[in-house]
1. Tell me, yes or no, whether region 2-21 has at least one residue that is touching a residue at least 60 places away in the same chain (Cβ under 8 Å), open to solvent by 50 Å² or more (accessible area, probe 1.4 Å) and closer than 17 Å to VAL181 by Cβ.
2. Write out, first by first residue and then by second, each pair whose Cβ atoms fall under 6 Å of each other, whose residues are 6+ apart or on separate chains, and whose first residue, in region 213-225, is closer than 17 Å to ILE176 by Cβ while the second is at pLDDT 95 or above and crowded, with 16+ Cβ neighbours inside 10 Å.
3. Across region 125-170, what is the total count of residues that are assigned to a helix (DSSP H, G or I), surrounded by 14 or more Cβ atoms within 10 Å (Cβ to Cβ) and touching a residue at least 40 places away in the same chain (Cβ under 8 Å)?
4. List, please: which pairs have Cβ atoms under 9 Å, are six or more places apart or on different chains, and start with a residue in region 99-124 that is under 23 Å from PRO14 (Cα atoms) and end with one that is part of a loop (DSSP other than H, G, I, E, B) and open to solvent by 80 Å² or more (accessible area, probe 1.4 Å)?
5. Return the residues of region 36-58 that are free of Cβ contacts under 8 Å to residues at least 60 places away in the same chain and open to solvent by less than 70 Å² (accessible area, probe 1.4 Å); say none if nothing qualifies.
6. Out of region 86-108, which residues are surrounded by fewer than 18 Cβ atoms within 10 Å (Cβ to Cβ), within 29 Å of the chain's Cα centre (by Cα) and assigned to a loop (DSSP other than H, G, I, E, B)?
Amino acid sequence: MNPKYKKIIITSGPTREWIDPVRYISNASSGKMGFHLAKAFISHNLDVVYIHGNTLEKYAYVDGAQKIISVETTIQLRDAVLAEMEEDSLLVMAAAPADFRPIMTAEHKIKKDNREGAKKGLLLELEENPDILQQVSSFVKEKGWKNAVRIGFAAETRDLEKYAKEKLEKKGIDWIVGNYVSQTEGFGEKDSSVRIYNRSGVVREIGPLPKETIAKELVGFLMSL
């Protein structure tokens with residue numbers, strides 16, 4: 001085991017926020033990056049806790065993980081992460097939690113109103129989910145831990161460096177891995193490219209490469225810090 005960290009915590013995949021019993025808000029994350037990050041850390045003989053949302057089935061189980069925790073909502077993900085954090089741990093937040101959730105979840109399936117003259121459409125009122133990394137950083141500060149390292153991810157459609165630097169400050173973290181995403185880029189099984197940022201800017205660029213290879217490169221970088 002790397003003596004610097006007693007535990008590696010990897011989060012992976014999207015969360016779901018339910019509108020009614022059959023509909024939910026989520027995103028296109030597959031969990032592939034988090035899965036391969038967990039495997040790469042395990043290959044370094046490190047104890048890994050793998051916390052995943054609604055990943056593709058093949059990314060829900062990591063052979064060799066010390067613990068696997070399945071969550072559904074962003075609040076459940078936050079609670080699971082906080083429960084696992086401790087001194088001498090490394091958290092890699094590769095999950096893609098939903099930023100918003102419905103204020104109310106309908107008890108039964110919402111039906112269309114087909115009456116003549118009825119107003120068409122559905123208005124959803126949403127509220128912000130908690131910022132998990134921001135809350136974890138506050139928790140670490142409150143505990144006075146000196147070696148509880150947090151790595152964030154930033155998936156953006158534009159102005160990647162601007163938003164990555166903003167997230168570094170807001171979330172109270174030292175490193176963030178950024179990439180561009182769209183319907184044809186970044187998500188799922190496709191090759192990807194990432195940039196590693198600190199408060200000074202881009203430290204390293206990796207890719208375009210398969211996510212498995214990017215994960216190995218990222219883990220190598222993090223182990224060198």
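The values are calculated or read from the model by the stated rules, or taken from the named source; none is laboratory data. Keep in mind the model is a prediction, meaning the values are calculated, not measured. In this analysis, Cβ positions are derived from the backbone assuming ideal geometry, glycine residues included, and neighbour counts consider all displayed protein chains. When the accessible area is computed, the model is the full protein with side chains, heavy atoms only, and any ligands, DNA or RNA have been set aside. Shrake-Rupley method; radii C 1.70, N 1.55, O 1.52, S 1.80 Å.
1. The answer is no, given that none of the residues of region 2-21 is touching a residue at least 60 places away in the same chain (Cβ under 8 Å), open to solvent by 50 Å² or more (accessible area, probe 1.4 Å) and closer than 17 Å to VAL181 by Cβ.
2. Matching pairs, first to second residue: ALA215/HIS36; ALA215/LEU37; ALA215/ALA40; VAL219/ALA40; VAL219/PHE41.
3. The total comes to 7.
4. From residues that are under 23 Å from PRO14 (Cα atoms), the pairs are PRO102/GLU125; ILE103/GLU125; MET104/GLU125; LYS109/VAL22.
5. Those that are free of Cβ contacts under 8 Å to residues at least 60 places away in the same chain and open to solvent by less than 70 Å² (accessible area, probe 1.4 Å): ALA38, ILE42, LEU46, ASP47, VAL48, VAL49, TYR50, ILE51, HIS52, GLY53, ASN54, THR55.
6. If we filter region 86-108 for residues that are surrounded by fewer than 18 Cβ atoms within 10 Å (Cβ to Cβ), which is where we start, we get 86-88, 99-100, 102-108.
With within 29 Å of the chain's Cα centre (by Cα) added as a condition, the list becomes 86-88, 99-100, 102-107.
Selection gives GLU86, GLU87, ASP88, ASP99, ILE103, MET104, THR105, ALA106, GLU107.
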